[in-house]
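Scroll down for the structure; my scribbles are underneath it.
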Amino acid sequence: MYASREDIGYDFGDDSKVGSKPIKPNPNIDGGWAWMIVLSSFLVHILIMGSQMALGILNMEWLEEFNQSRGLTAWISSLSMGITLIVGPFIGLFISMCGCRTTAIIGGILNALGWILSAYASNVHYLFLTFGVTAGIGSGMVYLPAVVMVGQYFQNRRALAQGLSTTGTGFGAFLMTALLKYLCTEFGWRNAMFIQGAISLNLCVCGALMRPLSPKELREKYVVRNDSEENRAKALSHSTETIKSNGVLGEEPEKKEEVANEEVLGNVQHIETGGKSGGGRSMFGLRLFKTVSQLTVTVRKGFALWYSSYFGAASLFTNRVFVAFIIWALFAYSSFVIPFIHLPEIVKQYNLSRQDNVFPLTSIIAILHIFGKVILGIISDLPCISTWNVFLMANFTLVTCILILPLMQTYIGLAVVCALIGFSSGYFSLMPVVTEDLVGTKHLANAYGIIICANGISALFGPPFAGWIYDITQKYDFSFYIAGLLYMVGIIFLLIQPCIQKKQSREKSTEEAQV
């Protein structure tokens, strides 16, 4: 899995095989249809992540409608957000077998169905199933392909492309907050969810735009990548050392799988030839058998890649820096989600509803979130800047804001902190870039599926935990303090593991030099 330099994306100093033949760059890499992929991903983020960031409006409606505790009601929103991300590893299996386009179209239909069925909810438990599970799974089936496709189509401007596409979250949070507030006021929350379900059908259009790259186009991208990644190799040298320490992993299982698949198709071709010579046999049955055989081969190859990524000898979990990245993701996302779900209620407690109606705090986060993703993406693409360092600095800023937010009880103070939260949370656009640098483009879908799964677990338990703390203390302060401290633990893991890996690599190099 990590055996080839083309997969990893780093230059280890041996250019004997790379660059010997000049290859004309594919116009669809970093240009052409790649920008349609960015547009598709941008719209997906508006319709999925933006809608989820606006669920604080519906959360207040559900509290009033069903008269349940804040902790129980918050499970509706957290289930939707959490499941969207938790299903990432399983969506990676769908992508391996069916491709991003088909997976996204099916997910769009499922997401719209979840919104529409939720309009007929009679209690919160009904919403757990329709909105939390159904709409959540549909969202996950669209979200992961939208991120993966941008990574496949871009090489030199990956951070900028991911930044532009994921700004849809900020635009969506701003637009959907206003839209849902208007729809709930004019038509009631049930009709609002029905209308939102109809709007969500546009996800199928976004999925149709996700035209897959051919194997030839992917190979051309890998060649270009090896000629342009020297700076990124230096910026993330610790992950390179991690991969080196894991050893060169053979590709014999994959070759054997391909040979077996070719034998299956060869037998089918032989049978079909015999069928043509024997007029008594049904050609329809042979064509059906051939189609089923080809589908079986596709499923076997997709499942083999998915299984080896998670459970095989070449598992992604052998990369220690990647494991530290997973631990960070388990604590990070809840610190971003909790303000979106509970800020409307906090504003109401502080008697700041009049100012918040003029310019909602969640809208401030959303707008600065847009600028943060674009600006951090541009900075990270600079040759002299390390994406990893930008990622860490943004995390430190965000966790600091989460810890001091409970101390702010005026609208101006809350607005300033929310602006910093919005800008620093722009590091989300760097997550696919960092993940791809760690594991390579080939395994990006499975690796990023694991990361967003960890984020989903964080989003699943964060808002209900904050609501439960409020039910006990009648204050949200401790919710932010505990979430911030756990977030800091995750950041420490990101700092410690690369340092340990570097030290071990240096000691190993010293021992080899002495020998």
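Overview of results
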read-out: Relative packing of peptides 44-53, 384-393 - highest average C-beta neighbours within 10 Å first; value: 44-53, 384-393
read-out: Unit charges on C-beta of K, R, D, E only; dipole of segment 310-502, Debye; value: 120
read-out: Charged-residue dipole, Cβ positions (Lys, Arg, Asp, Glu), segment 27-217 about Cα centre, Debye nearest 20; value: 400
read-out: Positive-pole candidate from Phe359, Pro406, Ile450, dipole of segment 347-494, charges at beta carbon; value: Phe359
read-out: Cα lying deepest toward the dipole's positive end in segment 27-217, options Gln155, Thr169, His45, charges on Cβ; value: Gln155
read-out: Hypothetical label at Glu65: residues of segment 112-140 whose amide nitrogen lies under 17 Å (7 Å Cα-Cβ projection); value: 112-136
read-out: Heavy-atom accessible surface of segment 310-502: percent carbon and sulfur, 1.4 Å; value: 75
read-out: Calculated FRET efficiency for the pair Thr185/Cys499, C-beta based, R₀ 51 Å, to 0.05; value: 0.45
read-out: Carbon plus sulfur fraction of accessible area for segment 27-217, probe 1.4 Å, in percent; value: 69
read-out: Whole-number accessible area per residue in Å² for segment 417-457, which is evaluated in the context of all protein chains at 1.4 Å; value: 11
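The values are calculated or read from the model by the stated rules, or taken from the named source; none is laboratory data. Keep in mind the model is a prediction, meaning the values are calculated, not measured. Every residue, glycine as well, gets a Cβ built from its backbone with ideal geometry; the counts of neighbours run over all protein chains shown. To get the accessible areas, we keep the full protein, side chains included, count just its heavy atoms, and leave off ligands, DNA and RNA. Shrake-Rupley method; radii C 1.70, N 1.55, O 1.52, S 1.80 Å.
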